[in-house]
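Engineer: Pasting a structure below so you can have a look.
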Amino acid sequence: MNYETTVSLDDKSKKPEVKKEVKIFDQKPTAAFIGASWTALLIGMTSYCIGLWNSDMLLNEKGYYFTILLFGLFSVISVQKAVRDKLEDIPVTEIYYSISWFTTVTSIVLLVIGLWNADLLLSEKGFYGMSFLLSLFSAIAVQKNTRDVQYIDRSIDDDK
C-alpha cells in the first residue's frame with residue numbers, strides 16, 4: 001500500500017530553485033584590439049576606394065561599387081547593434097532585426113553579382129571581395145568595441 005500523502009508527493013516533486021546567475025561583463029577590450037579593429041577598417045575601406053579610383057571602370061560602375069561598400073558597412077553596424085541590444089535586453093523589433101540581416105546579405109550578394117559580371121581580372125575581383133569583407137568584419141569589431149566600452153563605463157557609473 002502506498003501511504004504517502006499528496007503533501008509529501010508535492011514536496012518530493014519540487015525541485016530546488018536555482019537562481020539564474022547574471023553574468024557581469026567588466027573587461028574592456030584592450031587598446032591593441034581596438035587599434036587593430038580601427039586599422040583593419042581603415043585599411044579595408046582605403047584599399048577598396050583606392051582600387052576603385054585607379055580602375056578603368058566607368059564612373060557609374062565606380063559609384064555602384066562605392067555605394068555597395070557604404071550600404072554594407074551601414075548594414076553590418078545595424079546588425080551588430082540589433083544583436084547587442086537584444087543581449088542587453090533593450091527592445092528590438094523583429095522587423096528591424098530581420099531587415100538588418102536582409103540588407104547585410106543583400107550587400108554581399110550585390111557585390112558578388114557585380115564582380116561576377118564585371119570585366120575585371122580574377123585577381124582584381126578577389127581584391128575587391130577581400131577588401132569589402134575586411135571592411136565589413138572590422139566595422140562589426142569597431143562597433144562591438146564601442147558598445148563594450150560604453151556598457152562598462154555605464155556599469156561603473158551606475159555602481160558609483
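Engineer: Looking only at segment 127-134, decide whether some residue is surrounded by 12 or more Cβ atoms within 10 Å (Cβ to Cβ), under 14 Å from the mean Cα position of the chain (by Cα) and at pLDDT 95 or above.
Structural biologist: Looking through segment 127-134, at least one residue is surrounded by 12 or more Cβ atoms within 10 Å (Cβ to Cβ), under 14 Å from the mean Cα position of the chain (by Cα) and at pLDDT 95 or above.
Engineer: Which of the residues spanning segment 100-122 are without any contact (Cβ under 8 Å) to a residue 12 or more places away in the chain, closer than 25 Å to Ser78 by Cα and not aromatic (Phe, Trp, Tyr)?
Structural biologist: The answer is Val105, Val109, Ile113.
Engineer: When segment 84-100 is examined, which residues are found to be under 29 Å from Gly114 (Cα atoms) and surrounded by 12 or more Cβ atoms within 10 Å (Cβ to Cβ)?
Structural biologist: Tyr96, Tyr97, Ile99, Ser100
Engineer: Here is a further query. State all residues of segment 76-95 that are closer than 19 Å to Leu136 by Cβ and without any contact (Cβ under 8 Å) to a residue 60 or more places away in the chain; if no residue qualifies, say none.
Structural biologist: Ser78, Ala82, Val83
Engineer: Just name the residue that is farthest from Leu70 (Cα to Cα) out of those in segment 135-160 that are modelled with pLDDT of 90 or more and among the small types (Gly, Ala, Ser).
Structural biologist: Ranking the candidates gives Ala141 first.
Engineer: Is it the case that Ser155 is in contact (Cβ under 8 Å) with a residue 24 or more places away in the chain and crowded, with 18+ Cβ neighbours inside 10 Å?
Structural biologist: no
The values are calculated or read from the model by the stated rules, or taken from the named source; none is laboratory data. Just so we're clear, the structure is a prediction, and the values are computed from it rather than from any experiment. Quick reminder, even Gly has a Cβ in these numbers, built from the backbone with ideal geometry, and neighbours come from all protein chains shown.
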